[in-house]
Amino acid sequence: MQNPDFLQVEKPARYMGGEIGSVTKERPEVRFVLAFPDVYEVGMSHLGFQILYSILNSVVWLAAERVYTPWPDMEDLLRSSDQPLATLESSAPVGSADILGFTLQHELCSTNILNMLELSGIPLLASERKEGFPLILGGGPCALNPEPLSDFFDAFLLGDGEEAVLEIADTYRAWKQDGLPKNVLLERLSSIEGVYIPSFFQVHYREDGRIASIEPLRKGYEKIRRRIVSDLEKVPYPTRPVVPFLKTVHDRVSMEIARGCTCGCRFCQAGFIYRPVRERTPDTILEAIDQTLKNSGYEEISLLSLSTADYSCIGPLLKLLMARYADERIAVSLPSLRVGTINREMVEEIKKVRKTGFTLAPEAGSERLRTVINKGITEEDLLHNAFEIYSAGWRLIKLYFMIGLPSETMEDVQGIVDLAAKVKREGKKAGSGGDVNVSVGSFVPKPHTPFQWEPQIPYEEILEKQQVLRAELKKKRLHFKWQDAPLSVLEGVFARGDRRLGSVLLKARQLGCRFDSWGEHFNFRKWQDAFAAAGLDPHFYLRGRDVDEPLPWDHLDPGVTREFLYDELQKSRRGVRTEDCRTGKCTGCGVCNFETVKVTLCESLGGSAAASRPGIKPDSAEQQIEESVRIRIRFSKTGSMRFLSHLEMLNLFSRAVKRAGVPIRFSSGFHPHPKFSFATALSVGVESVAEYFDMEIASGYGAQRVREQLNSVLPEGMEILETFEIPLRGASLSTIMDKVRYRVSLPEGIADGLPALSEAFLAQETYIHRREKQSKVIEIDLRKELYQLSASDTVLEMLVGRGKPIEFAAAITGLPEKALAGAKIEKLEVVFKSDGEKVPVGQVPSFNNA
């Protein structure tokens, strides 16, 4: 994608590349493109993506590059200009990669995968791809039933990828060097534990659509077992992550403290396909967080696990993190908290910097139904946790429930309303008001869970129960969020789908479906037409399954046995709980061999050097005033950086200051912010050598040192040109800026006689320009705001007050602004009101008085 095209899309930073932490390699032997089938902001928040990127790029001969699903505006631009989808690192066409690996994070990303293949010029069907096209690989949670996608993929990786991904790349490299046919590559890949080659199996169906048998076509390759990393301590962690320019869904240090969960919630696929529990040691966690913060500049740490508060050392670890980082205004969040594991001490620690969100998941509204799903929490636990949270100063708690769980009655649905109301009352008891957001999803039975045999409630029943909840929660003044019923139906179809759904996907893509998980882009009618065209009934896939019926994923082994899952199903029907094996006896799920694969728990903080580092009490507001200085900074914004918006630039500098170790001051309050003060926002696409901002820092650091340290961490295209100390209470930039010099270079042949046009414009007494802004019309007299003007054949240079340079160029040439989209605009100098002096920015051409 050519840089000028970025001005035609909403968020150029999605496609620019060049982020801090990104890696570009020249002429690698193997180019492995990691593809995330969703928009950049979602994909960049995915920790697994960052882990694989780091591991692959640690190998000298191997280059990992990234690509995300282009938003519709960029897709339209690619198609209209006949440009292929390209990677962020090298801008190389995705179709020229050696391996193209897709993350299969959820069921509703399938049409995005097909769209990305289309945009890359890669045949969609694996059977039509011969030598010369990338190996198409899939991995992630949905790889445990990838059958609906099997027609489009060459291979899938089941399970953990840290070790297997290097084995796959090494196998590919050897095959490439040998120059052998593709079938040899697939044969070699099939010998890697966890790699599934769908073309090595044939599925036979009965007349009623159910599977008759799954026939292996290679001897000794009858079942594929999930790949498991036995020791998380031995696999590398991405301490130099790619740091995006724009805000992403999860904009923080993501630290996986443990993998796997044995709580045994019977609806939860992750709880079964990520077993056993493997915890990282506190020392490893602390070291990784420390390095990642230094290399990223993030302001928040998120401790990740399927149940973070179940981590064996969570209390001491949380205390130590707050002691280490509270003075740097770095917050800690625990996004996955199981009811009953939260205590007052934990809540008090979390709020020390700022109050990150609290989401509690009772899942079901009644004690009976929570026993059916093996949730293992009580109403008393929930209300106690809510009281502790509200008492610590939080005003809002988010509650998550599901409808459509096996054996659910309308009494259970009403229980959601009653329980949420009780939580709200705990807020009143605590004296904080107590707002509650109730989020309700629809239960979708997933493969490799005890409920894989259960039916999913139909579309009409989802709508009925949502309507009841909407009405009842409104009476209690509780906020209600829900998942749209058509999305739940489609998720359910593909979650337990078979290979025949490939024809539905093809038709849906032909009808224009993509971004199906985004409500504004989802089109249920098109999906209904796709099912009709393929001759398949979606309700067939929502039905309950017979226990002796072959399931589409039976040849894929997650480690947990089918017998164990069926036994859990029977227990759910009898209302019998199963205890967590990490605190009780082995439940016999089948995943552990008790030698290399086993539950691994940390014991204590040990003799960590980090544990001995005392916390530093933040300076008071009075201390900050007495010991602070104000630094004025001039910087340049050139090259691809000109496509960053003002907010994205603020984000960049906020993190750069932290990476550089500049002792910036912070505002007070629950959400402290670094003390920056920027001049007026620069239009996207304009280059500048005269951008300014002020920052307040600790005294004694020095302006020159600020310049040196920031330049050492800023990306190419951003450079600090000048730094100097100014009075702490001096005038702000916005009040002393007077005029700005610009250079506008027009494309050849777009405006003949530019000097004459300039003279004609100067001869006018007035030129009123009307600009629409937020339904209001603003009038600017461009002639009176123009103070100097010079023109050559294709270049305008001007000194102006109010008004944008593109508006002046359009007024002078008589062309609409859209016709000038290819113009290069440069901001050369700012003239300040103070003493009528100009801030020097280097040699500037002479100007005629206007």
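The values are calculated or read from the model by the stated rules, or taken from the named source; none is laboratory data. Note that the structure is a prediction, hence the values are computed from the model and not measured. All Cβ positions, glycine included, derive from the backbone under ideal geometry; neighbour counts span all protein chains shown. SASA here: full protein model, heavy atoms, side chains in, ligands and nucleic acids out. Shrake-Rupley method; radii C 1.70, N 1.55, O 1.52, S 1.80 Å.
Summary of values
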| read-out | value |
| --- | --- |
| Any hit, the range 579-594, residues being surrounded by fewer than 11 Cβ atoms within 10 Å (Cβ to Cβ), of a type in the set (S, T, N, Q), modelled with pLDDT of 90 or more and more than 30 Å from Ser90 (Cα to Cα) | no |
| Evaluation of Val440 against (1) of a type in the set (A, V, I, L, M, F, W, C); (2) open to solvent by less than 60 Å² (accessible area, probe 1.4 Å); (3) part of a helix (DSSP H, G or I) (one fails), failing number | (3) |
| Qualifying residue in the range 294-302 (condition: assigned to a loop (DSSP other than H, G, I, E, B) and among the aliphatic types (A, V, I, L, M)) | no |
| Those residues of the range 156-188 which are in contact with a helix residue (DSSP H, G or I) (Cβ under 6 Å, 6 or more places away or on another chain), open to solvent by less than 20 Å² (accessible area, probe 1.4 Å) and either among the polar types (S, T, N, Q) or assigned to a helix (DSSP H, G or I) (or both), in sequence order | Val165, Leu185 |
| The range 742-794, residues that are free of Cβ contacts under 8 Å to residues at least 12 places away in the same chain and surrounded by fewer than 11 Cβ atoms within 10 Å (Cβ to Cβ) | Gly749, Asp752, Ala756, Ala763, Arg770, Glu772, Lys773, Gln774, Ser775, Lys776, Val777, Glu779 |
| Residue list for the range 533-554, restricted to those being outside any loop (DSSP other than H, G, I, E, B) and free of Cβ contacts under 8 Å to residues at least 40 places away in the same chain | Ala533, Ala534 |
| Qualifying residues in the range 489-532 (those that are assigned to a loop (DSSP other than H, G, I, E, B) and polar (S, T, N, Q)) - the one farthest from Gly544 (Cα to Cα) | Asn523 |
| Enumeration of residues in the range 443-453 that are in contact (Cβ under 8 Å) with a residue 60 or more places away in the chain, of a type in the set (A, V, I, L, M, F, W, C) and not in a helix (DSSP H, G or I) | Phe443 |
| Residues that are open to solvent by 30 Å² or more (accessible area, probe 1.4 Å) and in contact with a Lys or Arg (Cβ under 7 Å, 6 or more places away or on another chain), drawn from the range 697-724 | Leu721, Glu722, Phe724 |
| Gly209 vs. criteria surrounded by fewer than 15 Cβ atoms within 10 Å (Cβ to Cβ) and assigned to a loop (DSSP other than H, G, I, E, B) | yes |
| Extreme residue, farthest from Asp170 (Cα to Cα), among residues of the range 61-112 that are open to solvent by less than 20 Å² (accessible area, probe 1.4 Å) and aromatic (Phe, Trp, Tyr) | Tyr68 |
| Some residue of the range 486-505 being of a type in the set (S, T, N, Q), surrounded by fewer than 18 Cβ atoms within 10 Å (Cβ to Cβ) and without any contact (Cβ under 8 Å) to a residue 12 or more places away in the chain | no |
| Candidates Ser668, Ser645, filtered to the one that is touching a residue at least 24 places away in the same chain (Cβ under 8 Å), over 17 Å from Arg252 (Cβ atoms), among the small types (Gly, Ala, Ser) and open to solvent by 50 Å² or more (accessible area, probe 1.4 Å) | Ser668 |
| The listed residue being open to solvent by less than 20 Å² (accessible area, probe 1.4 Å) and either over 27 Å from Ala309 (Cα atoms) or at pLDDT 90 or above (or both), out of Val629, Val576, Val657 | Val657 |
| From Phe201, Phe153, residue being aromatic (Phe, Trp, Tyr), free of Cβ contacts under 8 Å to residues at least 60 places away in the same chain and open to solvent by less than 70 Å² (accessible area, probe 1.4 Å) | Phe153 |
| Of residues in the range 1-41 being of a type in the set (Phe, Trp, Tyr) and at pLDDT 95 or above, the one nearest to Val60 (Cα to Cα) | Phe32 |
| Residues within the range 118-140 that are touching a strand residue (DSSP E or B) at 6+ places or on another chain (Cβ under 6 Å) and touching a residue at least 60 places away in the same chain (Cβ under 8 Å), tallied | 2 |
| Among (1) open to solvent by less than 30 Å² (accessible area, probe 1.4 Å); (2) in a helix (DSSP H, G or I); (3) touching a residue at least 60 places away in the same chain (Cβ under 8 Å), the one test that Ala143 misses | (3) |
| Some residue of the range 449-459 being surrounded by 20 or more Cβ atoms within 10 Å (Cβ to Cβ) and under 28 Å from the mean Cα position of the chain (by Cα) | yes |
| Yes/no for Leu286 being in a helix (DSSP H, G or I), out of contact with any Leu (no Cβ under 8 Å at 6 or more places or on another chain), among the aliphatic types (A, V, I, L, M) and within 27 Å of Ile664 (Cα to Cα) | no |
| Only listed residue being buried (at least 18 other Cβ atoms within 10 Å of the Cβ), in contact with a strand residue (DSSP E or B) (Cβ under 8 Å, 6 or more places away or on another chain) and not aromatic (Phe, Trp, Tyr), chosen from Lys804, Lys739 | Lys739 |
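One line per residue, one yes/no per condition, for (1) among the basic types (Lys, Arg); (2) under 19 Å from Arg344 (Cα atoms); (3) within 30 Å of the chain's Cα centre (by Cα):
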| site | (1), (2), (3) |
| --- | --- |
| Asp381 | no, yes, no |
| Asn385 | no, yes, yes |
| Ile397 | no, yes, yes |
| Asp412 | no, no, no |
| Lys422 | yes, no, no |
| Gly427 | no, yes, no |
| Asn437 | no, no, yes |
| Val440 | no, no, yes |
